[in-house]
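Remarks on the structure that follows.
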Amino acid sequence: MLPYLLRRVAIALPTLAIISVIIFAIIALAPGDPFTSGADNGRIPPEVFVKLRRDLGLDEPVHIQYLKWMSSVLRGQFGYSFSGGVEVGRLISERLPTTLFIMGAAYVLGLLLAMIIGIASAVRQNSTIDNLASAFAYVGFSLPPFFTALLLIVIFTANLRILPMSYVTTVPGEGMEWVWGNLKQAVMPIAVIGLYEGAVLTRYVRASMIDVLTCDFVRTARSKGLDEVRVVTRHALRNALIPIVTIAAIQAPGLFTGSIVVEQIFTIPGIGTLLLRSYESKDVPVMMAILSIYSVLVVGFNLVADVLYHALDPRIRHA
């Protein structure tokens, strides 16, 4: 197992380097820069505009800009924000805990819903439970998160007035009052993303479980007199998890930047909102830092998926 992991890491490093080159080139070659709008509107004198671009290295060739950026990253620094003059690492560290809390809790909720509903649907195929599970999956997948978010706001904020609409970083109070305040403002964002992810994964869990439940080894386990719970949990589920792990590993990094709409609706000060604002202001260091972290997550989760394959099915041998 260790040699395989070392080979995968050796492949991942140049992969990340190539991804960073492509992302940097696309961003750098896009028209405009942080000072274009100000220069066009006459708010910045031309000579000041030229000096600012020279000080930030925006007048240098793209490959020189990339080498300087990569050199800074290798030293553990992402540079400074063009628009705010603040260290990019500080900006991310201020918003990352909020994103990890909201998206992590939502993804765990989605996985739990998918596993429970998907397994029950597969075991009771073509029953009322199966029909209700299919309805949940289709409706949840069809409704976009922004619609679900607005619907929850209308119900729980406008009508019932029990949950806050906006997310704030400084919750008043101490102890349990502070904990309860944070939970109340996080309930709706977590529910919106968790229900959507759960609906998407439910269909995969159901399909995978149905395929495994018809296999010979499951019928053999039943013929030996094993109870249904043991057959499903110890024999069928372990083999059904292999394709589910693939889908879960692919979708997990997408929550990191794919929650921009939900963060905008609930005014969550997270990474998605920071990425959107940096794009609007053409803040290259911030965009590169966030997209680089996203790339690391994609490669990392795929590596985790490969490790889980081996843990779930020892028959799998990696070349």
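The values are calculated or read from the model by the stated rules, or taken from the named source; none is laboratory data. Because the structure is a prediction, the values reported are computed rather than measured. For neighbour counting, all protein chains shown are included, and Cβ atoms are generated from backbone atoms with ideal geometry for every residue, glycine included.
Looking at the stretch 95-103, can you tell me whether even one residue there is surrounded by 15 or more Cβ atoms within 10 Å (Cβ to Cβ) and more than 14 Å from Ile193 (Cβ to Cβ)?
Yes - at least one qualifying residue is present in the stretch 95-103.
Check whether at least one residue in the stretch 305-319 is touching a Ser or Thr at 6+ places or on another chain (Cβ under 9 Å) and touching a residue at least 24 places away in the same chain (Cβ under 8 Å), and report yes or no.
yes
Could you run through the stretch 124-164 and say how many residues are more than 27 Å from Ala207 (Cα to Cα) and either of a type in the set (D, E, K, R) or touching a helix residue (DSSP H, G or I) at 6+ places or on another chain (Cβ under 6 Å) (or both)?
Selection size over the stretch 124-164: 7.
Would you mind finding the one in Leu52, Leu91, Leu74, Leu67 that is crowded, with 17+ Cβ neighbours inside 10 Å, farther than 30 Å from Val245 by Cβ and at pLDDT 85 or above?
On inspection, the qualifying residue turns out to be Leu91.
For the stretch 174-186, does any single residue satisfy the condition of being surrounded by fewer than 18 Cβ atoms within 10 Å (Cβ to Cβ), over 29 Å from the mean Cα position of the chain (by Cα) and outside any helix (DSSP H, G or I)?
yes
Residues of the stretch 201-217 being in a helix (DSSP H, G or I) and either of a type in the set (Gly, Ala, Ser) or surrounded by fewer than 16 Cβ atoms within 10 Å (Cβ to Cβ) (or both), which ones?
Result: Ala207, Ser208, Asp211, Asp216, Phe217.
In the list Ala28, Ala17, which residue meets the criterion of being within 32 Å of the chain's Cα centre (by Cα), modelled with pLDDT of 85 or more and in a helix (DSSP H, G or I)? First the steps, then the outcome.
Values: Ala28 fails: modelled with pLDDT of 85 or more.
Checking each option against the conditions leaves just Ala17.
From Thr202, Thr220, which residue is touching a helix residue (DSSP H, G or I) at 6+ places or on another chain (Cβ under 6 Å), in the same structural domain as Leu112 (by TED's automatic domain parsing) and of a type in the set (S, T, N, Q)?
Matching residue, one of Thr202, Thr220: Thr202.
Could you please let me know if Ile290 is at pLDDT 85 or above, out of contact with any strand residue (DSSP E or B) (no Cβ under 7 Å at 6 or more places or on another chain) and assigned to a helix (DSSP H, G or I)?
Yes: the conditions hold for Ile290.
Here are Thr169, Thr157: which of them is assigned to a helix (DSSP H, G or I) and either of a type in the set (Val, Ile, Thr) or under 16 Å from Ser259 (Cα atoms) (or both)?
Thr157
Give just the number: which of (1) more than 27 Å from Phe82 (Cβ to Cβ); (2) in contact with a Phe, Trp or Tyr (Cβ under 8 Å, 6 or more places away or on another chain); (3) not in a helix (DSSP H, G or I) does His235 not satisfy?
So His235 meets the others, but not (3).
Which one of these is buried (at least 18 other Cβ atoms within 10 Å of the Cβ) and hydrophobic (A, V, I, L, M, F, W, C): Ile242, Ile268, Ile250?
Ile268
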